[in-house]
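To start, the structure under review is shown below, and the notes come after it.
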Amino acid sequence: QVQVVESGGGLVNSGGSLRLSCTASGSIFSSYTMGWYRQAPGKQRELVAKITGAGITIYADSVKGRFTISRDNAKNLVYLHMNSLKPEDTAVYYCDADLGWRDFFGQGTQVTVSL
C-alpha cells in the first residue's frame, strides 16, 4: 500500500501562480511514475502532467507552457508548478503514484482560479 498526500491548493486570481506538492510513501519512490490529474465539476478526471522516475515528462495540451512537473526523489516529493492560471484550471487536483501494476491516488486538493 502506498500513501499519497497532496498539499498546496487554494484560491488564486486569474494569471496567478500556485505550487502543488505531493508526497508518496515507499522506499522505491524513485521508480514510481508520478502524475497529476484534475477533475472539474461535472467533468471526467483528466491527466494534467506525468513524470517518470528518469524525469521524462508529458503534459496535457491545455497546460503546456504554463505548468511544470518536477520531483525530488531524495524527499519522496513531486511538485506541480502552475503559472498563468485561468478560471478553467479550477478543479480538484489529484496526485497519482503509478507503480505499473496499480495506481494510488491521494484525496485531492482544491484549486480555484477567480476571474
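Per residue, the solvent-accessible area of the chain (1.4 Å probe, heavy atoms of protein chains only, all protein chains present) comes to 52 Å². For the chain, how big is the tail of P(r) above 16 Å, as a whole percent of Cα pairs? For the chain, the share of Cα pairs beyond 16 Å comes to 55 percent.
On the protein heavy atoms, probe 1.4 angstrom, tell me the percent of accessible surface of the chain carried by carbon and sulfur.
Using a 1.4 Å probe with all protein chains present, the chain comes out at 50 percent carbon and sulfur.
Per-residue Karplus couplings for segment 14-21, computed as 6.51 cos²θ - 1.76 cosθ + 1.60 with θ equal to phi - 60°, are listed in order as 4, x, x, 10, 8, 10, 9, 10 Hz, Gly and Pro entered as x. For the pair residue 66 and residue 40, label points projected 7 Å from Cα toward Cβ lie 0.9 nm apart.
The values are calculated or read from the model by the stated rules, or taken from the named source; none is laboratory data. Since the model is a prediction, treat every value here as computed from it, not as a measurement. Quick reminder, even Gly has a Cβ in these numbers, built from the backbone with ideal geometry, and neighbours come from all protein chains shown. The protein model used for the area step is the full one, side chains on, heavy atoms only, and it has no ligands, DNA or RNA in it. Shrake-Rupley method; radii C 1.70, N 1.55, O 1.52, S 1.80 Å.
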